[in-house]
1. Round to the nearest 10 and give me the degree value, 0 to 90, for the angle of helix 72-83's Cα axis relative to the longest principal axis of the chain.
2. Compute the angle between helix 280-293 and the longest alpha-carbon principal axis of the chain, please, reported from 0 to 90 degrees and rounded to the nearest 10.
3. What number, rounded to the nearest 500 deg cm²/dmol, is the helix-based mean residue ellipticity at 222 nm of the chain, given -39500 (n - 2.57) per DSSP H run of at least four residues and division by all its residues?
4. How far apart, in nm, are two points set 7 Å out from the Cα along the Cα-to-Cβ line at residue 192 and at residue 413?
5. What distance in nm separates the two pseudo spin-label positions at residue 64 and residue 554, each 7 Å out from Cα along the beta-carbon direction?
6. How tilted is helix 415-434 with respect to the longest principal axis of the chain? Cα atoms for both, answer in degrees (0 to 90, nearest 10).
7. Given Cα pairs under 8 Å that are at least 6 residues apart, what percent is the relative contact order of region 546-672?
8. Each label point is 7 Å from the Cα along the Cα-to-Cβ direction; what then is the distance between the points at residue 185 and residue 232, in nm?
Ligand code: HEM
């Protein structure tokens, strides 16, 4: 058994949050946002009552002691009660304090992570920390995680006749109010009656539950009834905006946000208006709370049919989504890439061996193919150089016809597209031909091995019918990474002083032969890492994301009704002065302490919330290694010399096709 964590006093809020956490989905049980907010405030008030700061019954709520508790979640609301001269009841306070509920939830989760009880995963998922088991108050080790332990305790209260502890009664009252006991326990009639009885046992629990119920049942409180009218962007102003012509969508959306505020509509002629949300506050909200209100399920329903797939990763929600990400995390991890860094070196050198000093090469093709040569080998143990263009062109067309709906659907059925679609079949055949058990024996695990295990273990989560999309996605990831690498090479070639600094890091790393994956430490590639951060700020590949609203929400005073389709321009803050001072200057020092500008909510090149890029850590290392290896062997220049960066913005951002790289100098021989 693992070491139990110190038994430490958890607050009622901590325990309540742990009870609400659904370990299957890595998030809370699906409780309507308003209901969740009401019970969180109820739990906080109950805790203040247990701490003798307030006294509450059905009729009134009295301040007993204004002394801070030292728990920031509780002190926020205690302060409001202290500052209020008039007495009110608990129902009033729940209504008044509800705006703090999300902050209190965040603070409590953070606290549980800091205590080592919860683990926080990329995409804002939480699980009980691996190996953390609980020692109960008597010091007896329980073979259960802490949240399971609390659940077992509450279960004992419900299924026995013992008198529960007052804290447990409050927790039971609040959970009953949320109506989620049936999700936690198999209840029979006797247990239901017992819950009812327990809920009448304690005054605090009862009064809180009643006050919460009053608020939950008030529909006017569930959504704001004072909502501002969403401003509409004037089409002539949009069309004549010089940024619209540059293709720099983040800069364009930053400009629109300054003119119209964080929520605005764009109405193309003869189409329904599109709602856009943009700004650092929107990012903060989407990261923390988006999952309660937004989904991407329906967005992909047409698109995935093109591939014969159902429930592809970007379209999943809840427990299935979390299980998929958790199971596939090793396949996308930095560690996996580190372990096979020799493949990156050899494929990169093989590719660069064709470059001739004095020649210029189209940048898009060079970058995508260089990355693809490595990616297909690493992830699928095959070569896809000859079919890559077809797979990308087909997917981009499918996105335009079946997701963005900017082209009619028949445009995916043209003879040219039918020919390109065949590349997907070729890809499948190649992968199958090298993934027999005998051939894979003794090989380092790759992405396909993980995907096939997922299919074997969870055949409905990763059905065979989804394989063609999942494998195409590897080629597409090399396109995204290739285009990001293209921007980065452009930036490196345009900033000779940074080129030299990156070269110095590369020369140091390769000074004693090839480095290992573990040698690419934060200190050995410190400049290169900051350089990549700045490239992803100035040139994010995925500037915005679409979502469907499934629960009405109010943000910055605007009500966004359920059923809306919204676009979150998560990278607009990259060009906003408040988030990134002097945003137009390419400045890698932004990421040095104390500035640390990549830590602010405005920095979002990897997206926001549960679908955040799963390959982000792989991607940054992969890009760094490629920049370093080029800088070690070659000097590249932008060509033509007077080239002014043009950006193709749809469906994802990339430098236009006019950009070339000129091989100006070879610093050293490539090893054979
Ligand atoms: C410059 C390169 C890349 C950028 C800018 C980027 C950015 C993004 C963004 C913004 C999202 C979120 C999309 C959404 O919310 O709808 C995303 C999702 C994702 N990315 Fe990346 N990405 C890049 C490269 C990669 C690479 C190389 C991999 C694989 C090794 C990868 C794997 C994924 C996966 C699996 C998801 C879906 C996660 C989910 O739906 O839960 N990405 N990426």
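Just so it is clear, none of the values below were taken in a lab; they were calculated from the coordinates. Keep in mind it's a predicted model, so treat the numbers as computed, not measured. Cβ sites come from the backbone with ideal geometry, for glycine too, and all protein chains shown count toward neighbours.
1. Its long axis makes an angle of about 50 degrees.
2. 70
3. -15500 deg cm²/dmol
4. According to this spin-label approximation, the distance is 5.3 nm.
5. According to this spin-label approximation, the distance is 3.4 nm.
6. Taking the Cα atoms of the chain, the angle to 415-434 is about 80 degrees.
7. Once divided by the residue count of region 546-672, the mean separation gives 15 percent.
8. Once both label points are built, they end up 5.5 nm from each other.
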